[in-house]
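Since the structure comes first, as structure tokens, the remarks are kept for the end.
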Amino acid sequence: GLSHFVMAEGKESNRLTTANAYLKALDKVTERETKAIIIRQLQIVGKDESVDALGRFLNEESLSGPAARALATINTEKAKQALQSALLRKMGTAKTQQDVILAIGEAQMEVPEDLIKGMLGNGDQNMQKVVNYTLSRIGSAASLKDMGAAAEKVGFVVENTGANEAYIALIKRVSAKGNVKEAEKAANDLLKKATKAGKTHTRDAALEILFSTNKANATKLLLTALKAPCKAY
């Protein structure tokens, strides 16, 4: 309650006092859950004064998740640098790296796309899942080719890495961001490949995107789809 109260308009002095109190408490407590509770409060009240302290937990498996989410929520330039540095320096373990990547995706932070795209194909399925998810949340048309290849590699089906769903989400994101031409091109390509592979669910998703990117042609697309021999489609 205190954390939300001091975030009200006109209470910056109270916010800073509270954040500094949490930072002092963070150094005094030892239990993991108590530290996590304080970190979650800094996620609410913290700004740049909290970044250095939170950054120290990015390579600790037990607290990297809460710390990364707090930094992603703070989302200042200093907070972005802390998360990017953790990835560039390959700090911690695979688990802590995943926590950082996931936090960036959940918050849709504007970090260099290549930083995440460069991790495609690396690590185990858990790592690939968070990389695919994050690219689907922060990516642009520049990632369509690589994400499309990842979806094709898994056969355009739902599986553990989420590559197919992430690719579909990325196409939708590219369209929503105004790059309709690239999104339509990718959706058409996906429709053809999914049709050839016999993956009705993915075919449906591609057609749905095409309806949204080319409303003037929607009726024609629909009539063509109705002639398909696959009754489920």
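Coordinate-derived values only; no laboratory data. In this text the structure is predicted, and so the values were computed from the model without any measurement. Cβ placement follows ideal geometry from the backbone for every residue including glycine, while neighbour counts extend to all protein chains displayed.
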Debye equation applied to the C-alpha atoms of the stretch 18-156, log10 I(q)/I(0) at 0.09, 0.17, 0.18 Å⁻¹: -0.28, -0.85, -0.93
Sequence neighbours fewer than 8 away in the same chain don't count; with that in mind, list the lysines whose C-alpha is under 21 Å from K80. K47, K90, K95, K117
Restricting to Cα pairs under 8 Å and 6 or more apart, the percent relative contact order of the stretch 1-119 works out to 21
Which whole-number percent is the relative contact order of the stretch 1-52 (Cα, under 8 Å, 6+ apart)? 45
Quick one: angle between helix 125-138 and the longest Cα principal axis of the chain, in degrees between 0 and 90, rounded to 10, please. 90
Could you state the principal axis extents of the C-alpha atoms in the stretch 97-233, from the largest down, to the nearest angstrom? 48, 29, 19
Whose amide H sits under 5 Å from the amide H of V154, counting only residues 5 or more places off or on another chain, with H placed in the peptide plane? none
As an exercise, identify the trypsin sites (Lys or Arg not before Pro) in the stretch 83-161 lying in DSSP coil whose Cβ has no more than 11 other Cβ atoms within 10 Å. R89, K90
Calculate how steeply helix 180-197 sits against the longest principal axis of the alpha-carbon atoms of the chain, using the helix alpha-carbon long axis, and give the answer as 0 to 90 degrees to the nearest 10. 60
Using only the Cα atoms of the stretch 152-233, build the gyration tensor, take square roots of its eigenvalues as a ≥ b ≥ c, and label the shape rounded, prolate or oblate: rounded if a/c is under 1.5, else prolate if a/b is larger than b/c, else oblate. oblate
Hz values of 3J(HN,Hα) by residue in the stretch 15-24 - Karplus curve (6.51, -1.76, 1.60), Gly and Pro given as x: 4, 5, 4, 5, 4, 5, 5, 4, 5, 5
Determine which aspartates and glutamates satisfy two conditions relative to K145: a Cα distance under 19 Å, and not lying fewer than 8 residues away in the same chain. E113, D114, E165, E182, E184, D189
Using a Förster radius of 22 Å, what is the FRET efficiency between R40 and E61 based on their Cβ-Cβ separation? Nearest 0.05, please. 0.80
Per DSSP H run of at least 4 residues, take -39500 (n - 2.57); add these up for the chain, divide by its residues and hand me the 222 nm value, nearest 500 deg cm²/dmol. -21500 deg cm²/dmol
Report, to the nearest 10°, how far helix 200-213 tilts away from the longest principal axis of the Cα atoms in the chain, using its own Cα long axis and a range of 0 to 90°. 80
